[in-house]
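The values are calculated or read from the model by the stated rules, or taken from the named source; none is laboratory data. Keep in mind it's a predicted model, so treat the numbers as computed, not measured. Glycine gets a Cβ as well: all are built from the backbone with ideal geometry, and neighbour counts include every protein chain shown. Accessible surface is based on the protein model in full, side chains and every heavy atom, while ligands, DNA and RNA are left aside. Shrake-Rupley method; radii C 1.70, N 1.55, O 1.52, S 1.80 Å.
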Amino acid sequence: GELLGSQENGQEILEMLERANLFIIPLDEDRRWYRYHHLLADLLRRSLRQSEPQLIPDLHGRASLWYEANDMLLQAIDQAFAARDYERAAVLVEQVAPQMEETFQSAAWLGWVRALPEELLRARPALCIQIAGALIDSGEVDEVEPWLLEAERLLAAAAEEAVVEDEARLQTMPAAIALHRANVASYRGDNAETVRHAELALELIREEDLMQQAQAVAIRGLAYWSLGDLQTARTAIADWMDSTLKMGIPIFTIASAFGLADILIVQGRLQEAIHAYDEALQLAQDVEQQSLPITAHHHLGLAMLYHEMGEQEKYTRHLQTSSELGRKSTLIDWPYRSRLAHARLKESAGDLDAALALLDDAKRVYITNPVPNARPTGALKAEIYIKQGRLDAVFEWARARELPADGPIDYLHEFENMTLARALIARYERDQKEDDLLGALALLERLVQTAEEGDRTGSLIEILLLKALAHQAHGDLATAIDALERALALAEPAGYLRIFVNEGPPMA
């Protein structure tokens, strides 16, 4: 169209060809853009390859320039690669990185990076930092540090070989490097290092760089989450969500809602978790992104909450929507989260073998990420083994995890210790050895204390249920009822139901 459009009657020619059905197809309502019918396009390409193959790289190069001029960067990159113009491809790949990150397509972006000659990458400090960020987003944290060191080398010497497209961005790079290091430490569960690098980033970040400030605060918040300070973590995530919304990046606000909901669930605030999911889905609708694949997380979260509350119709509807959207989700933790949820549903339905298979599958697809994994698959499997009476396998798992009944308990090991207490109660019921019961009760007492201190009401309800079951197993019904009454008082306002039902006949 651009070529013919330069002639006075170019538009008429195009429209005449279209009316005559002569192998061109309009791409827009204004009839400015057309493409060849794919059969004719194939024929023309083959003819060009046979008659003038030397023209092909130049034509791809011109196509790349045209796509870039029309703000179609992804196609411009493909054409630059087809032209074997790697310098140009590197410029475009650096340019498109923020857009790809914001739409959770870091893995696809890395595909282009890996197709570029390494010496081109190592000359560009901005690209080195972007590569580090994309590797983190893809869970490949062990590959990050060399790229950060390369960026630092280029920045330190203001090296002659450094290629910088945007001088203004030079000032933001040291803070970005510190942020990436905080992120890597967060992935590795090194909370002290996470806080150290996040605070260094906050010192380096310029006042006007609101995005970097918000990221540093959010990463530091994740460290507090791992440490069990859920209130501080919750405030940090809520602040991050407010910031991203104000900065006009609602997709980040939407994606962060399931982190907020995760925390609220551990705090036993199920209604607030539902509200967090609903608000995110409403926001997705407001920005006309209601079919956004990442909202699969929100629908799955809602399905599990309604399952807990016994609201069958809502549970079924959200589960169905989550399955449909999940097929297209690009978030790295979706395969893990969905398998974990379906394992819980199978366990609830009494299909324990299917639940175990799903947990094995979940472990296989798990990619390390900064969200604390407080209920690892090993502990979830151990809970099922207890139901199956396979106590030897459970105590073997506890030995491998080095979970002595008198060891220190932090948030990340809370659920594993609850599972150990459950196993001790089950062995007491089988063997009637007083030591097992005393061990379980002592462990539960310390779990009650740490859950109360950390404002983890969701955990506390579960611990109190175990306490009730332990006292019942010992024939001490009055104490059992006391613990159960306290659990009910905490659980009833939030709408818990399944947590009691899943305990089966002893709880009934």
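Exactly one residue among I263, I237 is among the aliphatic types (A, V, I, L, M), within 25 Å of T450 (Cα to Cα) and in contact with a Lys or Arg (Cβ under 6 Å, 6 or more places away or on another chain), and that residue is I263.
A single entry from R196, R181 fulfils the requirement of being within 27 Å of R375 (Cα to Cα), touching a Leu at 6+ places or on another chain (Cβ under 8 Å), open to solvent by 30 Å² or more (accessible area, probe 1.4 Å) and modelled with pLDDT of 90 or more: R181. When residues in the stretch 113-135 are screened for being touching a residue at least 24 places away in the same chain (Cβ under 8 Å) and open to solvent by 40 Å² or more (accessible area, probe 1.4 Å), 2 of them pass. In the set (1) within 40 Å of the chain's Cα centre (by Cα); (2) outside any helix (DSSP H, G or I), the condition left unmet by G475 is number (1). The set of residues in the stretch 226-253 being assigned to a helix (DSSP H, G or I) and either open to solvent by 60 Å² or more (accessible area, probe 1.4 Å) or in contact (Cβ under 8 Å) with a residue 60 or more places away in the chain (or both) consists of S226, L230, Q231, T235, D239, D242, L245, K246, I251, F252.
Taken over the stretch 373-396, the residue count meeting the criterion of being open to solvent by less than 20 Å² (accessible area, probe 1.4 Å) and at pLDDT below 95 is 1. Of all the numbered requirements in (1) of a type outside the set (K, R); (2) in contact with a Pro (Cβ under 9 Å, 6 or more places away or on another chain); (3) within 24 Å of E308 (Cα to Cα); (4) free of Cβ contacts under 8 Å to residues at least 60 places away in the same chain, P376 misses one, and that requirement is (2). Annotation: S64 fulfils all but one of (1) at pLDDT 75 or above; (2) over 30 Å from A296 (Cα atoms); (3) surrounded by 19 or more Cβ atoms within 10 Å (Cβ to Cβ); the unmet one is (1).
E102 falls short on exactly one of the conditions (1) within 23 Å of L155 (Cβ to Cβ); (2) of a type outside the set (A, V, I, L, M); (3) open to solvent by 60 Å² or more (accessible area, probe 1.4 Å), and that condition is (1). Cβ separations smaller than 7 Å between residues 6+ apart or across chains give the following pairs from the stretch 192-211 residues that are under 11 Å from L179 (Cβ atoms) to residues that are surrounded by fewer than 16 Cβ atoms within 10 Å (Cβ to Cβ): M211/M247.
Candidates are the residues of the stretch 316-346 that are of a type outside the set (K, R) and not in a helix (DSSP H, G or I); the one that is most open to solvent (accessible area, probe 1.4 Å) is T330.
Just to be sure, is Y277 of a type outside the set (D, E, K, R), over 28 Å from V141 (Cβ atoms) and in contact with a Phe, Trp or Tyr (Cβ under 9 Å, 6 or more places away or on another chain)? Judged against the criteria, Y277 is a match. Pick from the stretch 425-443 the residues that are part of a helix (DSSP H, G or I) and of a type in the set (K, R): which of them is least open to solvent (accessible area, probe 1.4 Å)? The residue in question is R427. Return yes or no: is D360 at pLDDT 95 or above and open to solvent by 40 Å² or more (accessible area, probe 1.4 Å)? So D360 passes the test. Collect the residues in the stretch 160-178 that are in a helix (DSSP H, G or I), of a type in the set (G, A, S) and modelled with pLDDT under 90, keeping them in residue-number order. Result: A168, single match. Within the stretch 348-365, residues that are under 23 Å from L497 (Cβ atoms) and in contact (Cβ under 8 Å) with a residue 12 or more places away in the chain reach no partner that is open to solvent by 70 Å² or more (accessible area, probe 1.4 Å) and of a type in the set (S, T, N, Q) with beta carbons closer than 8 Å at six or more positions or on different chains.
From the list E308, E313, exactly one residue is part of a helix (DSSP H, G or I), without any contact (Cβ under 8 Å) to a residue 12 or more places away in the chain and more than 12 Å from I254 (Cβ to Cβ). Which is it? Write out each step before concluding.
Numbers: E308 fails: without any contact (Cβ under 8 Å) to a residue 12 or more places away in the chain.
The match here is E313.
The listed residues are R486, R422, R456, R399, and the only one of them that is loosely packed, with under 14 Cβ neighbours inside 10 Å and among the charged types (D, E, K, R) turns out to be R399. Annotation note: of L222, L281, the sole residue that is open to solvent by 20 Å² or more (accessible area, probe 1.4 Å), free of Cβ contacts under 8 Å to residues at least 40 places away in the same chain, in a helix (DSSP H, G or I) and of a type outside the set (G, A, S) is L281.
Of the residues making up the stretch 347-357, just one is at pLDDT below 95 and open to solvent by 60 Å² or more (accessible area, probe 1.4 Å), namely A349. Looking across the stretch 113-136, the residues that are out of contact with any Leu (no Cβ under 9 Å at 6 or more places or on another chain) and either assigned to a helix (DSSP H, G or I) or modelled with pLDDT of 90 or more (or both) come down to R114, E118, E119, Q130, I136.
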